[in-house]
Amino acid sequence: MLKFNTHFYRIKDLSILFSIFLISFYTNANSDLDKLNVPNGFEISIFADKLDSPRQLAETDEGYVIAGSKKGNKIYALLDQDLDGYAEKRILVADNLQNPTGVTVYGGDLYFAEIDTVWIIKEIDNWLNSNSESMPTKSVFMNNLPSETWHGFKYIDFGPDGNLYIPVGVPCNICLEPQTNDKRFAAIHKYVDGELVTVADGVRNSVGFDWHPVTKKMYFSDNGRDWLGDDSPDCELNVIDTEGSFYGYPFKHAKSVIDPEFGHLIPSVNKTFIDPIAELGAHVAPLGVAFYDQDIFPAKYKNSLFVALHGSWNRTKKSGYKLVFIQLDEEGNYVSQEDFITGWLSSESAWGRPVSPYIMSDGSMLLSDDKYNVIYRVSYKG
């Protein structure tokens with residue numbers, strides 16, 4: 001009588017099922033990647049997957065990639081150990097957080113932002129390389145930010161002056177009272193000696209900025225208001241020539257759209273209105289901004305910038321859902337814009353939403369996607 005080793009077959013069956021799952025997962029991932037369009041000479045791949053709504057990205061001195069999260073409550077560090085373009089190592093850095101979207105590394109320390117608090121972990125690479133089983137010690141860097149969650153997701157970075165910059169959006173679609181009563185709203189600030197100093201005022205909701213590598217001026221995205229029709233107003237790309245400048249919200253939008261509710265107050269506003277240097281399209285939701293300051297991409301990309309258009313949510317026909325390239329001249333003036341990555345949107349259905357481009361020290365570009373829950377890697381092969 002034959003005797004079957006049922007334990008062996010159960011293990012074998014599980015192994016087969018797992019193999020089928022892996023093949024299916026990577027087949028689907030590669031199939032989706034095939035939908036994306038990049039310029040000739042560029043390649044796009046998955047740097048990290050199975051993430052929880054990844055947002056802002058940062059790189060440590062040792063090459064770890066720190067990823068913020070919109071819907072999750074954790075911060076992870078990712079490492080491509082074998083330098084094949086995929087981060088096979090993942091380390092939990094912090095948890096039990098409230099929408100920790102913003103991350104940056106400065107002076108070897110990690111900073112990450114919840115809605116109303118910015119934390120710091122000192123010497124992050126030392127802890128990451130220690131293989132410690134305990135979580136690193138985090139301490140409050142600043143906690144004097146508003147607690148409102150509407151337009152409350154943070155994007156943070158240190159400027160050329162060594163100060164931390166942080167935007168605070170308005171807790172509404174269109175309103176005047178919040179920023180009238182609390183100057184923290186509708187602005188971008190820098191944190192100096194424990195105080196918020198306004199560098200840009202009249203900013204509805206900026207979720208991305210970067211500094212020109214040569215001029216050191218800040219360029220930032222701003223999301224336009226809703227419910228003025230499918231094609232108005234345009235979302236914006238702005239530049240700060242003078243700290244404390246006023247960018248129009250809520251009285252004027254884009255270059256010429258007078259707000260129907262608050263526009264009549266313009267004559268009483270004792271401020272100079274600064275127009276955007278580029279209009280990006282209505283409801284496209286521009287988020288992360290990144291200057292290309294490396295030498296791997298072709299020369300046209302040097303000292304010009306990428307902007308992630310997260311995509312519309314209330315437009316009759318969807319718009320955005322792509323990464324665009326903004327060409328600037330040597331002085332940092334706007335020249336043109338063009339699509340760089342497209343394909344997330346097809347027949348009014350979007351399977352991905354780009355969030356935050358980040359230029360790596362090796363010259364490649366990472367890009368987070370908080371819908372597909374991955375980080376892409378864009379490289380140039382020529």
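Data table
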read-out: Computed helical MRE - 222 nm, the chain, DSSP H runs ≥ 4 contributing -39500 (n - 2.57), nearest 500; value: -3000 deg cm²/dmol
read-out: Angstrom value of the Kirkwood radius, inverse mean 1/r, which spans all Cα pairs in the stretch 52-207; value: 16.2
read-out: Sequence-distant residues sharing a close amide H with Asp370 (under 5 Å, placed H); value: Arg353, Val355
read-out: Violating pairs (Cα-Cα greater than 18 angstrom) within the set Lys74/Lys190; Lys138/Lys183; Lys190/Lys216; Lys216/Lys302; value: Lys74/Lys190; Lys138/Lys183
read-out: Bins of 10 Å, starting at 0 and running to the largest distance - Cα pair percent for the stretch 224-285; value: 23, 52, 23, 1
read-out: Euclidean distance between Cα centres, the stretch 288-330 to the stretch 56-131, Å; value: 24
read-out: Using θ = phi - 60° and Karplus 6.51 cos²θ - 1.76 cosθ + 1.60, couplings along the stretch 251-264 (whole Hz; Gly, Pro as x); value: 7, 9, 10, 6, 8, 8, 8, 7, 5, x, 9, 10, x, 5
read-out: Partnerless Cys - the chain, beta-carbon criterion under 4.7 Å; value: Cys235
read-out: Answer label for P(r) over Cα pairs in 20 Å bins from 0, in percent (calculated), chosen among (i) 29, 53, 14, 4, 1, 0; (ii) 28, 56, 13, 3, 0; (iii) 28, 55, 17, 0; value: (ii)
read-out: Residues Asn270 and Asn73, FRET efficiency given R0 of 41 Å [Cβ-Cβ distance, rounded to 0.05]; value: 0.40
read-out: Highest-MSF residue in the chain out of Pro213, Pro357, Pro54 [GNM, Cα springs under 10 Å]; value: Pro213
read-out: Whole-Hz couplings from phi, Karplus 6.51/-1.76/1.60, listed for the stretch 174-184; x for Gly and Pro; value: 9, 6, 10, 4, x, 6, 5, 8, 9, 5, 6
read-out: Which of Gly107, Ser69, Ser147, positive extreme of dipole for the stretch 43-155 (C-beta unit charges); value: Ser147
read-out: HN-Hα J in Hz across the stretch 210-225 - Karplus 6.51, -1.76, 1.60, θ = phi - 60°, x for Gly and Pro; value: 7, 10, 4, x, 9, 6, 6, 7, 7, 10, 9, 8, 9, 7, x, 5
read-out: Over the stretch 70-119, volume per residue of the alpha carbon convex hull, in Å³; value: 92
read-out: Positive-end residue of Ser245, Ile274, Leu36, charge dipole of the chain with Cβ unit charges; value: Leu36
read-out: Packing-based ranking, highest mean first, of 129-135, 334-340, 348-354 given that Cβ atoms within 10 Å are counted; value: 348-354, 334-340, 129-135
read-out: Inter-label distance, nm, simple model (7 Å from Cα along the C-beta direction), Ser31/Asp161; value: 5.2
read-out: Packing-based order for 327-333, 87-93, using average beta carbon neighbours within 10 Å, highest first; value: 87-93, 327-333
read-out: Per-q log10 I(q)/I(0), the stretch 168-277, q = 0.13, 0.16, 0.19 Å⁻¹ (Debye; single scatterer per alpha-carbon; no solvent); value: -0.46, -0.69, -0.97
read-out: Pairwise centroid distance, computed over Cα atoms, of the stretch 153-195 with the stretch 201-237, Å; value: 14
read-out: Qualifying GluC sites (Glu not before Pro) in the stretch 143-244, DSSP loop, other Cβ atoms within 10 Å at most 13; value: Glu243
read-out: Positive dipole terminus of the chain, leading residue within Asn205, Val168, Ser349 (C-beta point charges); value: Ser349
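Any read-out appearing in this document is the output of simple, stated calculations on the displayed coordinates, not a laboratory observation. The structure presented is a predicted model; accordingly, all values stated were derived computationally and were not measured. FYI the Cβ positions are ideal-geometry reconstructions off the backbone, even for glycines, and counts take in every protein chain you see.
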